[in-house]
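Student: Got a structure for you, written out below as structure tokens; questions coming shortly.
The values are calculated or read from the model by the stated rules, or taken from the named source; none is laboratory data. Values in this document were obtained by computation on a predicted structure and should not be read as measured data. Here the Cβ positions follow ideal geometry from the backbone for every residue, glycine too, while neighbour counts run over all protein chains shown.
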Amino acid sequence: MRRPMVAGNWKMNGRRGMAAELAAAVAESAPRDIDVLLCPPFPYLSTVVDAVGDVGVTVGAQNLCAHSDGAFTGEVSGEMLAESGCTHVLVGHSERRSLFGETSAQVASKFRRAQDAGLVPILCLGETLDEREAGRTSEVLDGQLQPVFDEAGVEGLARAVIAYEPVWAIGTGRSATPEQAQETHAWLRARVSRESPEVAAGLLLLYGGSVKADNAASLFGQADIDGGLIGGASLEADSFLAICKAATAQQ
């Protein structure tokens, strides 16, 4: 059975004191029978690593450079993140794609670089509202997945997580219905299964798109949804912990 994961993406929010308090509160009360991950902004990584201690809550970064070292001012390497205590890193978040112009080929390079540095990449995939309404969801997701297959092979996904985040449901208060989310997650698992049924069976698929305490249970109850990538609701301890609790109930 796949072990559920709930990951909190704080995006560019908070201050050091808030990061320490929020991380400590999550570490104190997070369920121990799921994987809980916190992804704060770069400057607060060490603060959060110290705050969670060794209770089982892990820390991830929101991005990394596609290169290991060198003249890349303003970038952060996977090795630096690993030394800072990170175990995971987001790659290809919709905001990186839409606001910063990251292509799927660049995301695939970051995916491979993360694994080379010993990190578990969380590969973010998703379609816009226009793409969904045009019936292009599977085409768009396949276009985002294929470069990863080309770069790392399907075996790369055996050491990774996929987060499906419909762009039209991020920060809008509008979430895909459990049935819509399950349909897309099932398609993703079937797509990976075409390359390797074994990898597909063990692959964690997270849903990210306005997940809240009041809809988490219905989303996580779907057969192919193994947890969530949580944005705004991860910035408040009680809300995030309620979502974590919903994930434990689905095991």
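Student: Tally up the residues in the stretch 50-64 that are under 21 Å from Glu95 (Cα atoms), in a loop (DSSP other than H, G, I, E, B) and in contact with a helix residue (DSSP H, G or I) (Cβ under 7 Å, 6 or more places away or on another chain), please.
Tutor: The qualifying residues number 2.
Student: Continuing with the same structure: Please work out if Leu22 is in a loop (DSSP other than H, G, I, E, B), at pLDDT 95 or above and surrounded by 16 or more Cβ atoms within 10 Å (Cβ to Cβ).
Tutor: no
Student: Still on this structure, please answer the following. Restricting attention to the stretch 184-200, does a residue exist that is part of a loop (DSSP other than H, G, I, E, B) and surrounded by fewer than 24 Cβ atoms within 10 Å (Cβ to Cβ)?
Tutor: Yes, the conditions are met somewhere in the stretch 184-200.
Student: Further question on the same structure: Can you say whether Leu229 is in contact with a His (Cβ under 7 Å, 6 or more places away or on another chain), of a type outside the set (Ser, Thr, Tyr) and buried (at least 22 other Cβ atoms within 10 Å of the Cβ), as far as the supplied structure shows?
Tutor: No: the conditions fail for Leu229.
Student: For the stretch 212-235, which residues satisfy the criterion of being without any contact (Cβ under 8 Å) to a residue 40 or more places away in the chain and not in a helix (DSSP H, G or I)?
Tutor: Lys212, Ala213, Asp214
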